[in-house]
1. With an 8 Å Cα cut-off and a minimum separation of 6 or more residues, compute the relative contact order for segment 263-381 in percent.
2. Nothing charged except the Cβ atoms of Lys and Arg (+1) and of Asp and Glu (-1): what's the magnitude of the dipole of segment 313-381 about its Cα centre? Round to the nearest 20 debye.
3. Between Val257 and Glu87, what length comes free when the chain is fully extended (0.36 nm per residue of separation minus the Cα-Cα distance, one decimal in nm)?
4. Starting from the Cα of Asp209, move 7 Å in the Cα-to-Cβ direction to define the label point; list residues of segment 237-256 whose amide nitrogen is under 19 Å from there.
5. Take peptides 145-153, 208-216 and line them up by average Cβ neighbours within 10 Å, highest first, as a rough protection proxy.
Amino acid sequence: MNLRTHCSLLFFSILFVSVSILASATKDQSTANNAPQLLWKATPNPCALTEPVVGGESVFVGTCEGKFYAIANDRGSVFWSHDSRAEGASGGFQATPLLRKDLVIAGTFDGCNATTGGYVFGFDQHTGKLRWKLQAGIGSVAFVEIDDANVFFGTPQGEWLSVEPNSGKVNWRFRATPPGTNCEKRISAVTDGMHVCLMAYDGTVHCLDAKSGRELWKQNPSSPLTTRVFMYKDVLYFGTADGHIYGFNPENGQPLVQLKLDYVPVGDFVWSHEGAKGEFEFVYATDKNKDSGAVLGFSDEFEAVIWDRTFIAHGTSEHPAPWKGRLFAADCKGDIVAYSASTGVPEWKGHVEGCVKAFNHSRSTLYVAVAEGAIYTFKFQ
């Protein structure tokens, strides 16, 4: 164990003890009203983190300074860490890591004008051993696992790559419109296993054959995209600035769905299966006429809006998270609300210090990442 790893372990342990005292002080009250209990808070870096990803006994997260951590999900101590600068990389981790079998795949971003653009790494989940690295930067777009032989992602230079996840070998490349002067613009990708569809820097939607990378069709919507692309039940969906949700056949680009909203949908679509109650899709949205926002719940396949709940618009996280029959939403003041997924009724409210950027969860634990570089962990009954 080197000195850097030892210091990280010590830091997390001290932080865990202090938070455990706080949790113990509120344990009786939390048990009485069946409220979630704060387990621990970890601060691996005093700046932005990736979305935490949970696998086995670990929470995996990268920092804006280029460090990557595997954190024990029950106590907040560090299993292993890796400083990407030791591998010749610069810049920080932004994209959500991808877990695949015993690998965790993560990548750094070195800025719009960097000559290398960053690296993508394949780490052993259990030990942190570096299996492979690929000189290709990745910004905030998520990795997409197409199948056992293809992981897909986009670069700040407008190139999209499919790589073999066990070796990092490039399967194929696709060149979309380059970013111009702003590679921080929102891009996204999604797959159904046969097709992979992406939104490029200029807002054009491309759908490709997932095996070969051959372009099947492309479209430049008349109104700019305001959401990331979303694949659900073999339909490609996205929201636009004119307040619509559109659905297309990913094979040929044929329009299938057009739903008009009183809001502008923003950020990520998510979905939840509620068994006998049916299936629902959700998105955060902003009011087109007022400085306010809402969380919207849709009936299956975006047939209609079944509920909407006003939420703080300024700085609100664009990543609602369904879990345990609830939909979690949060804002940049640290306020968290859990709504019933089927009715939209608020069922729990919580608070953390910082601007909430992302959620994740295991079977009984909710992980909340804030922009200031901390992860809060709540235990649910």
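What follows draws every value from the coordinates through simple rules; no lab data is involved. These numbers were taken from a predicted model, which means no experiment stands behind them. Glycine also receives a Cβ, built like all others from the backbone with ideal geometry; neighbour counts cover every protein chain displayed.
1. Dividing the mean separation by the residue count of segment 263-381 yields 16 percent.
2. Roughly 300 debye for segment 313-381.
3. That pair, Val257 and Glu87, stretches by 56.5 nm at full extension.
4. 249-254
5. Most protected by this proxy first, the peptides run 145-153, 208-216.
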